[in-house]
1. Using the Cα centre of the chain as the reference point, and only Cβ charges (+1 on K/R, -1 on D/E), how large is the resulting charge dipole? Debye, rounded to the nearest 20.
2. In whole Å, what is the distance between the alpha-carbon centres of segment 142-189 and segment 103-134?
3. I need the phi-derived Karplus couplings for segment 49-64: 6.51 cos²θ - 1.76 cosθ + 1.60, θ = phi - 60°, integer Hz, Gly and Pro marked x.
4. On a 0 to 90 degree scale, rounded to 10, what angle separates helix 156-168 from the longest Cα axis of the chain?
5. Determine the calculated [θ] at 222 nm for the chain from helices alone, applying -39500 (n - 2.57) to every DSSP H run no shorter than 4 residues and normalising by the residue count; nearest 500 deg cm²/dmol.
6. Using only alpha carbon pairs under 8 Å that are at least six residues apart, calculate the relative contact order of segment 55-196 and give it in whole percent.
7. Farthest toward the dipole's positive end in the chain, which of PHE60, VAL167, THR138, given Cβ charges of +1 (Lys, Arg) and -1 (Asp, Glu) about the Cα centre?
8. I need the phi-derived Karplus couplings for segment 76-92: 6.51 cos²θ - 1.76 cosθ + 1.60, θ = phi - 60°, integer Hz, Gly and Pro marked x.
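Nothing in this text is a laboratory measurement; each read-out follows from the coordinates by a stated rule. No experiment lies behind these values; they were computed from the predicted model shown. Methodologically, a virtual Cβ is constructed for each residue, glycine included, from the backbone with ideal geometry; neighbour enumeration extends over all protein chains shown.
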Amino acid sequence: MPKGFSDEERAHIINSLREQGRQLFGTYGLRKTNVEDLTHAVGISKGAFYLFYDSKEALFYDILERFEAEYRERMLGRLGDISQPAHTRLAAALHEAVSMWRSHPLFAHFGQDDMAYLARKIPPERLAANENSDVLFTKRLIAVGRTVGIHITATPEMMTGLLRAIVLLNLQEETIGRALFGDVIRILIEQTTAYLLKEDARD
């Protein structure tokens, strides 16, 4: 625990760093935001920042992981309306992940190059832990789906890869073209849902 801070102060500072980080990263982007911007916004010294996070990238990744936890719960929530067909519910869960990413201010200035940059700055063991967390979540989603009549036949590893591909496609919007992007996402989600449920492919 950082020296000189009580547990209450520590929790307050971490929450403030996360909140200010969301705002500053969303406004200026990961690479254009510096530690001084963050510490000035929170009211701590630069030295104090490094008592809590090893780098601004570590703070960004912390915020990113908390966002992932939120959208995972929202995805699970989309599965429960048993008045809807299984395909409709699973597709809605996939759309939820995409729409939450697109609407979150953290990613307003976050593209493919930024993702590659972030991956170089985060320790490999933490990246590996996050990938394992993705698979564990997918296993949970498959199990929850089974209890409400959604029988996913793909392996957790395959579904994890498909979900990751769909969500990270948000980083390719400019490459795909803004006019086409919505339709591309819709088609991919429809086809992915059909694959996961072993349905005939849809248009």
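1. Roughly 100 debye, rounded to the nearest 20.
2. 18
3. With coefficients 6.51, -1.76 and 1.60, one gets 4, 6, 6, 9, 9, 6, 6, 5, 5, 5, 5, 4, 5, 4, 5, 4 Hz.
4. On a 0 to 90 degree scale, this one is about 70.
5. Here the helix-only value at 222 nm equals -23500 deg cm²/dmol.
6. Numbers: 96 pairs, mean separation 41.3, N = 142.
So the answer I get is 29 percent.
7. It is THR138, whose Cα lies furthest towards the positive end.
8. 4, x, 6, 7, x, 7, 5, 6, 9, x, 4, 4, 4, 5, 5, 4, 5
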